[in-house]
Amino acid sequence: ADGLPIIESGLFPIGNALPDWFGGFTNNLRFKNLSLSATLDIRQGGDIFSMSNVYEAIHGTTKRTLPGREGDLVVEGIVAEQNDAGEWVSTGQTNTTQVRAEDYWNRVVPGSRGAVGELFMNDGSFIALREVNLAFRLPASILENTPFRSASISLVGRNLGYLQRNTDGFSPEAANFNVANNSLGM
């Protein structure tokens, strides 16, 4: 009724850490003495909770806290009112009450007292460019007076980046090791 979300206290499951599936592809191309190979790793699904994103919201250092700073904010949702038993009951009306952005963020991220978990859940899906290898096979004429039958020179890059990821400001794989204050969903 005041335009701010109603926060339930307690611990609730907010996600599932397990991916729906994961896999990879390797590609090899050859032309004369050159070869190029690339490896992609893919993970589809799984939820990651980011405590780093919570701290950014507490301090107002994330882009998600920008809307409403220049004026009032209307929180998306349905209006609810408390009945005589103290229970929240939906009125069925869409919220149109404007609130200050600061009041909204203080409600959903009240500092050290916890946060509304689902606001800080990230999809753990990604497509990673795991390795690229460019190789040049030395011609046999260069190897004639050596003990080698064949040799090549390679330029290799590993963990080159993500072609697609859904995490806000951190690697979806970093949470697998519980670094950077991120945790897999429960």
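The values are calculated or read from the model by the stated rules, or taken from the named source; none is laboratory data. Remember, it's a predicted structure, so these values are computed and weren't measured experimentally. Every residue, glycine as well, gets a Cβ built from its backbone with ideal geometry; the counts of neighbours run over all protein chains shown. Side chains are part of the model used for accessible areas, which takes the heavy atoms of the whole protein and leaves out ligands, DNA and RNA. Shrake-Rupley method; radii C 1.70, N 1.55, O 1.52, S 1.80 Å.
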> Can you give the net charge of the other residues whose Cβ lies under 9 Å from the Cβ of Ala128, counting K and R as +1 and D and E as -1?
Replying inline: +1
> Once you put a point 7 Å from the Cα of Val132 and another 7 Å from the Cα of Ser9, both along the Cβ direction, what distance in nm separates them?
Replying inline: 5.4 nm
>> Rounded to the nearest angstrom and ordered from largest down, what semi-axes does the equivalent ellipsoid of the stretch 1-58 get from its C-alpha gyration tensor (root of 5λ)?
In response: 46, 15, 9
>> Over the Cα atoms of the stretch 11-111, what radius of gyration and what Dmax do you get, in Å?
In response: 23.3, 82
>> Taking semi-axes √(5λ) of the Cα gyration tensor in Å straight from the coordinates, which label in (1) 29, 20, 17; (2) 54, 16, 14; (3) 106, 21, 10 is the correct one?
In response: (2)
> Counting only protein heavy atoms, what percent of the accessible surface of the stretch 20-122 is carbon or sulfur at a 1.4 Å probe?
Replying inline: 50 percent
> Tell me, how many Å apart are the Cα centres for the stretch 25-46 and for the stretch 97-172?
Replying inline: 16 Å
> Among the trypsin sites (Lys or Arg not before Pro) within the stretch 8-51, which fall in a DSSP loop and have no more than 10 other Cβ atoms within 10 Å of their own Cβ?
Replying inline: Lys32
